[in-house]
Amino acid sequence: MTFNDASFMLKNQPAHRLYEQIKDLPIYDFHCHLDPKEIYQDQVYDNIVDLWLGGDHYKWRLMRANGISEEEITGSASKLAKFKAWAKTVSRAYGNPLYHWSHLELKQVFGVSELLTEENAEELYERLNTFLREEQISPRKLIKAAKVAFIGTTDHPLDDLEWHQRLAADTSFETVVAPTFRPDEAFIEHRNFKDFVHLLEQKTKRTIDSFASLVAALGDRVAYFAQAGCLASDISFTEICFELASKEELDDLLQAALAGQTLRISDIRKWQTAVFVELCRLYKQYGLVTQVHFGALRNNHTGLFERLGADVGVDSIGDQIALTSHLNQLLDHLVQTDSLPKMIWYNLNPTYNIPLANTLANFQANEQEHKSQLQFGAGWWFNDTKLGMIDQMNAYAEQGMLANFVGMLTDSRSFLSYQRHDYFRRILASYLGQWIVDEEVPEDYQELGQVAEAISYYNAKQFFEK
């Protein structure tokens, strides 16, 4: 039996047929954390560590679990030492998706079929670096090779979007790169909230002294993003909440936060509810898909957070009380106020997969003929695994319309992450193929193939494009 051959992850004969129908489709990567400046400047890589390990907290987290010194992860060790440390780790990371992703990347991008081990690490390090230089591997070259039709980056609401504008004007680059509005700092518990408000005042030339004036300033920025080709927004919440407040309460909360006063949990929930509702109204007005990631407990290792900052691999799956009660009230309020945009909800705690999919089904009614206007997003972060993907699709199929699912996204800072789309397509083909094997659906490859194609590419394209 051969690992990582043409049959990789294809568990049944129908899977092979379905995979053949979807493997070469373009990629619509509607949510990632790539830097548009890097795409525009298109610098050639000269070292595999910069491309493969730099900023990748997935790998950092796994290396720590393998007893690797922080010096060889984020410290000042040589690039060869860091590559060897990663080889030592990934060669024994059986069952972890990084084992699969890494070997897919080696084979599909670099043409390396052998396994990466501690013994061959130095030889492969030299070979990969030679490949980078000889083939002039750069961001655009990787994007083109992966057949990426669309990239949705993640952008600060005060960004002037210069690099997006430059990319849009560059007729030599065919992939569409669009900004995504990500206003985390507009939420009152954020450590940068005060600074954000002051900078927002300067950017919009508005005085922000009330909740209404804050919303008006945010509206200016949403309009600016929409004019620059933005198709979506994004936000990350620790928990989903719904707690209404009066205008006077919100004005008082703004002043209290700007004065540095301690806020109660109830205050934070009231502010989150009010700001998110107003943002959803704006997103609907400008036709932006609203993406919501929820359930992450971030920066739990104080020492590493203080040394290295956020997004270094010390986050966890969270939980909350009364998720469906809060979510039903929130979505119902958006419907009642005509503020419900198209949405994608990404859940980090798999315990909530069925409750989330079940709740979203309550609010699918619309007269615009949007198919599944409230999407249950792909397995996110710690659920970005074989079992995580299958669990998510099971919940989606049982509680809604899996055929309308907008499919996979990289959610990554790496230009090598497009192999995750291939990984997902292989799992999707096996998932649907097993239904044929089990005689749960007809053996109709034209019909089921169209479903696989839609989930792999066409649903996302239709969902995001206005």
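Under 1.5 on a/c is rounded, so check that first for the stretch 317-409, then, if it is not, pick prolate when a/b is larger than b/c and oblate when it is not; a ≥ b ≥ c are the square roots of the alpha carbon gyration tensor eigenvalues.
oblate
Over the stretch 1-84, average the accessible area per residue using a 1.4 Å probe and give it in Å², no decimals.
Per residue, the stretch 1-84 has 47 Å² of solvent-accessible surface.
Quick one: Karplus J couplings for the stretch 333-345, per residue in order, coefficients 6.51, -1.76, 1.60, θ = phi - 60°, nearest Hz, x for Gly and Pro?
Per residue, the Karplus-derived 3J(HN,Hα) values read 5, 5, 5, 5, 9, 6, 10, 8, x, 5, 9, 10, 10 Hz.
Which value, in Å², gives the accessible area per residue of the stretch 231-380 when a 1.4 Å probe is used on the protein heavy atoms?
43
Which value, in debye to the nearest 20, gives the size of the charge dipole of the stretch 46-137 about its Cα centre, when Lys and Arg are +1 and Asp and Glu are -1 at the Cβ?
Once rounded to the nearest 20, the dipole reads 360 debye.
Could you state the number of Å between the C-alpha centres of the stretch 1-32 and the stretch 280-332?
Using only Cα atoms to place each centre, the spacing works out to 31 Å.
Under 1.5 on a/c is rounded, so check that first for the stretch 7-69, then, if it is not, pick prolate when a/b is larger than b/c and oblate when it is not; a ≥ b ≥ c are the square roots of the alpha carbon gyration tensor eigenvalues.
Oblate, since a/c reaches 1.5 and b/c is not below a/b.
Of Lys79/Lys203; Lys37/Lys203; Lys59/Lys144; Lys23/Lys88; Lys88/Lys461; Lys11/Lys59, which pairs sit farther than 29 Å apart, going by alpha carbon to alpha carbon?
The answer is Lys79/Lys203; Lys23/Lys88; Lys88/Lys461.
Just to be sure I understand the model, the point goes 7 Å from the Cα along the line to the Cβ. What's the resulting Met401 to Trp435 distance in nm?
Distance between label points: 1.4 nm.
Ignoring ligands, DNA and RNA, what accessible area per residue does the stretch 102-207 give at 1.4 Å, in Å²?
On a per-residue basis, the stretch 102-207 sits at 49 Å².
Normalized C-alpha radius of gyration of the stretch 46-137, against 2.2 N^0.38 Å?
1.00
Go through the stretch 279-293 residue by residue and turn each phi into a ³J(HN,Hα) via Karplus (6.51, -1.76, 1.60, θ = phi - 60°); whole Hz please, and just put x for glycine and proline.
Calculated HN-Hα couplings, in order: 5, 4, 4, 5, 5, 5, 4, 9, x, 8, 5, 9, 9, 10, 9 Hz.
Which value, in debye to the nearest 20, describes the size of the charge dipole of the chain about its Cα centre when Lys and Arg Cβ atoms bear +1, Asp and Glu Cβ atoms bear -1, and nothing else is charged?
340
Cross-link candidates for Lys107: which aspartates and glutamates have Cα within less than 13 Å, leaving aside residues fewer than 8 places away along the same chain?
Partners found: Asp5, Asp422.
Under 5 Å between amide hydrogens, which residues at least 5 positions from Ser233 or on another chain qualify, with H placed 1.01 Å from N in the peptide plane?
Residues meeting the criterion, in which the H sits 1.01 Å from N, are Phe181, Val289, Thr290, Gln291.
Do the sum for the chain: with -39,500 (n - 2.57) for every DSSP H run of n ≥ 4, divided by all residues, what is the mean residue ellipticity at 222 nm, to the nearest 500 deg cm²/dmol?
Calculated mean residue ellipticity at 222 nm is -15000 deg cm²/dmol.
Give the distance, in whole Å, between the Cα centre of the stretch 389-404 and the Cα centre of the stretch 195-268.
34
Where does each of 248-261, 374-387, 354-367 land if you order them by average Cβ count within 10 Å, highest first?
Per-residue Cβ counts within 10 Å, averaged per peptide and sorted highest first, yield 374-387, 354-367, 248-261.
Along the charge dipole of the chain, which of Ala378, Thr2, His103 sits closest to the positive end, that is, farthest toward it, with unit charges on the beta carbon of Lys, Arg, Asp and Glu (+1, +1, -1, -1)?
Comparing the listed Cα positions along the dipole, His103 ranks first.
For the stretch 180-327, what does the alpha-carbon gyration tensor say about shape, rounded, prolate or oblate, given a ≥ b ≥ c as the root eigenvalues, a/c under 1.5 as rounded, and a/b over b/c as prolate?
Rounded, since a/c falls under 1.5.
Running Debye on the chain with equal point scatterers at the Cα sites and no solvent, what base-10 log of I(q)/I(0) appears at q = 0.08, 0.13 Å⁻¹?
-0.50, -1.34
Among Ile390, Leu263, Val177, which residue has its Cα furthest toward the positive end of the charge dipole of the chain, with +1 on Lys/Arg Cβ and -1 on Asp/Glu Cβ?
It is Val177.
Ignoring ligands, DNA and RNA, what percent of the 1.4 Å accessible area of the stretch 46-137 is carbon and sulfur?
Roughly 46 percent, rounded to a whole number.
The values are calculated or read from the model by the stated rules, or taken from the named source; none is laboratory data. Worth saying up front: this structure is predicted, and the values here are computed from it rather than measured. Every residue, glycine among them, receives a Cβ derived from its backbone with ideal geometry; neighbour counts consider all protein chains shown. Note: accessible area is taken over every heavy atom of the protein model, side chains too, but ligands, DNA and RNA are not part of it. Shrake-Rupley method; radii C 1.70, N 1.55, O 1.52, S 1.80 Å.
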